[in-house]
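Every read-out reported here was derived from the displayed coordinates using simple, explicitly stated rules and does not represent laboratory data. Quick caveat: nothing in here was measured; it's all calculated off a predicted structure. Neighbour counts are summed over all protein chains in view; Cβ atoms, including those assigned to glycine, are modelled from backbone coordinates with ideal geometry.
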Amino acid sequence: MSVEEASDTFCSIVEHAYTPSDLSASDRTQALRECMEDAMKSKGLPVDLQLTEKQQVGCPCFVVASSRTNARRTLCLRTYPIRSQPSSTITVVDAALATCAAQPEFASVHSGSGVKKREYISSNVAINPIHEVITEAHLLFGGDATVASLLSVGTGHPGIISFPQSGGKASLLRTMREMMHDCEQRAQEMEERIGR
C-alpha cells in the first residue's frame, strides 16, 4: 500500500472497529475482520491467503500474539518458515486479528481445525516487540550479521501511570491495563542495552 492507502485503511478501521463504544467484543472483532478483508480485496488478494504463502515481493515479516491457553508466552506469526517451528496455516487476516484481540474489547481469534485448532489473543508485548525483532533477526540473518539501524516505531510515550486514589474497580482495571500496555519501559531497556 502507498502511505495514503495505508492511512485511509487505518482511518476506516478506527471508524468501524475501534470508535463505536456500543459494540460487543465479537461484533468489534467482526467489524475488524470485514475491514481487513476489504483491504485484502482492494489489493487483489484472496481473503484466505495464508501468512506463509510465498509472495513475489516483500520482506520477511512477523506479528506477535499469544495463545489463549498460555497468555504469558509470545508467539511470532511469521511469513517465513523456521526450523524450530512447524509452518502455521493461519491466514493473513486471522494473524492481523490475533494481534488486535486485546481482551475484553475484542474476541479471541480461532485458526485451524481439529487438533491443529489454535485460539489467539493479543500479546502484552505487541505494542513494542523489540526483543522479538532482535531474536527474529538472529534467526534470519545469524548472530554475526551487522545492524546499521534499528528503528522502533511505537505508540508514543503514554505519560505517567499512577494508581487512582478513588474510583473503585473500574479505575483500578483501567490503570492495570495502562501498565500492561506501557511500551516505554521496553524502549528504555533496549536503549540502555544497545544505545541509540
Review point. Which order results if 1, 36 are arranged by neighbouring Cβ count within 10 Å, fewest first?
Key: 1, 36
Review point. Taking square-rooted eigenvalues a ≥ b ≥ c of the alpha carbon gyration tensor, is the range 1-119 rounded, prolate or oblate, where a/c under 1.5 means rounded and, failing that, a/b exceeding b/c means prolate?
Key: oblate
Practice item. Rank these for me by crowding, 23, 97, 77, 140, going from fewest to most other beta carbons within 10 Å. Key: 140, 23, 77, 97
Review point. What is the local net charge at residue 21, summed over the other residues whose Cβ is closer than 11 Å to its Cβ (Lys, Arg +1; Asp, Glu -1)?
Key: -1
Review point. In straight Cα distance, which aspartates and glutamates are under 15 Å from residue 169, not counting same-chain residues fewer than 8 positions off?
Key: 178
Revision key, fill the gap. The residues 119, 15, sorted from fewest to most surrounding Cβ atoms within 10 Å, come out as 15, 119
